[in-house]
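Colleague: Supplied in structure tokens, the structure appears directly below.
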Amino acid sequence: MSTPALAAQLIVFSQQTQLETQMDEVLGAVHSAGFSAIECGTNTFENDPQAFIALLRKHNLRVSALHGGIPEKPEQVMRLMDLYGTQDLCISGVGGWEGKQAAKYAADTQAVSTVGRVLAQRGFHTHYHNHAYEFAKLDNGQSGMEVILTNLDPQAADLCVDVAWVHIGGQNPVEFLKQHKSRTSYIHLKDYTGDRHWVELGSGLVPLAAVVAALPELDIRWAVYEQDTSDIQAAKSCALSYAYLQGLGF
């Protein structure tokens with residue numbers, strides 16, 4: 001397989017800007033950094049999608065995916081997906097943040113599968129995005145990820161693997177990706193130091209060079225730079241992370 005398409009998650013700008021009112025500036029910074037696509041929330045410009053479409057065109061950017069919790073109204077999400085020209089939806093939050101009830105994990109994962117089936121009928125792809133808490137043990141002795149993988153219908157949804165959260169969860173992200181290669185088609189590239197202190201790609205603890213080296217063996221639709229917060233200007237973080245990925249062959 002070839003190297004996947006590359007995008008930037010807009011969350012890195014969210015602590016420093018008002019995304020909806022400063023989206024022109026944000027998208028300009030993403031484009032200037034070198035990215036040709038972005039990932040954004042499922043409610044992005046939901047009240048004025050044409051304005052967002054105009055900004056995407058202005059900055060020559062595509063949308064890799066929309067990202068949010070389990071949608072109560074999938075039709076509304078698919079409407080924006082159609083308008084923004086994306087085929088991918090990332091869902092997170094199964095089980096509740098740091099929840100311990102296996103039954104809750106199972107029920108939520110089945111809900112993700114239900115959404116995925118609805119989207120698949122329209123040609124869309126659904127991915128479950130992990131955090132670290134899914135790797136902890138639940139009240140039934142299994143990890144949350146084990147319950148998710150058992151209950152997630154592979155015909156309806158697969159994984160969006162966030163390699164930093166996998167690493168924080170005590171797993172080797174390269175081994176995790178290879179172990180679940182048949183159930184992974186979307187990836188978040190993220191880095192951190194210390195106790196979840198988010199940093200630019202290549203400046204933290206995650207073995208990103210090894211992760212990127214493994215990607216051609218996988219069938220990944222999108223690889224997305226994500227940094228939840230930044231100690232410097234978000235535009236600079238975005239540019240530094242893009243330059244790092246370019247150095248790895250993207």
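Since every read-out is calculated from the coordinates, none of them should be taken as a lab result. These figures come from a predicted structure and were not determined experimentally. Here the Cβ positions follow ideal geometry from the backbone for every residue, glycine too, while neighbour counts run over all protein chains shown.
Colleague: Label-point separation (nm) for Q179 and N60, each offset 7 Å from Cα along Cα-to-Cβ?
Modeller: 4.2
Colleague: Evaluate the charge dipole of the chain about its Cα centre and quote only its size in Debye, nearest 20, assuming +1 on the Cβ of each Lys and Arg and -1 on the Cβ of each Asp and Glu. Could the numbers behind the result be given before it?
Modeller: Numbers: 17 positive and 27 negative charges, 85 e Å.
For the chain, the charge dipole is close to 400 debye.
Colleague: In addition: What distance in nm separates the simple spin-label points at Q246 and W97, each placed 7 Å from Cα in the Cβ direction?
Modeller: The modelled label-to-label distance comes out at 3.6 nm.
Colleague: With 27 Å as the limit, write out which pairs from K100/K190; K73/K181; K73/K178 have Cα-Cα distances beyond it, or answer none. Display every interim value, and only then the final one.
Modeller: Values: K100/K190 25 Å; K73/K181 30 Å; K73/K178 33 Å.
In this structure, K73/K181; K73/K178 exceed 27 Å between Cα atoms.
Colleague: So what's the range 204-250 giving for Rg/Rh, alpha carbon basis, Kirkwood Rh from the mean inverse pair distance?
Modeller: Rounded to two decimals, Rg over Rh is 0.99.
Colleague: Where both residues lie in the range 5-247, what percent of DSSP beta bridges are antiparallel, nearest 5? Display every interim value, and only then the final one.
Modeller: On the way: 4 of 33 bridges.
Among the beta bridges of the range 5-247, antiparallel pairing accounts for roughly 10 percent.
Colleague: What would the Debye formula give as log10 I(q)/I(0) at q = 0.14 Å⁻¹ for the alpha-carbon point model of the chain, no solvent?
Modeller: Cα-only, vacuum Debye calculation for the chain: -0.92.
Colleague: What distance in nm lies between label points placed 7 Å from Cα along the C-beta direction at Q121 and K236?
Modeller: Distance between label points: 5.0 nm.
Colleague: Among the lysines, select those whose C-alpha is under 22 Å from the C-alpha of K58, and discard any that sit fewer than 8 residues away in the same chain.
Modeller: K236
Colleague: Okay, helix-only estimate at 222 nm for the chain: each DSSP H run of n ≥ 4 adds -39500 (n - 2.57), divide by all residues, round to 500 deg cm²/dmol; what do you get?
Modeller: -11000 deg cm²/dmol
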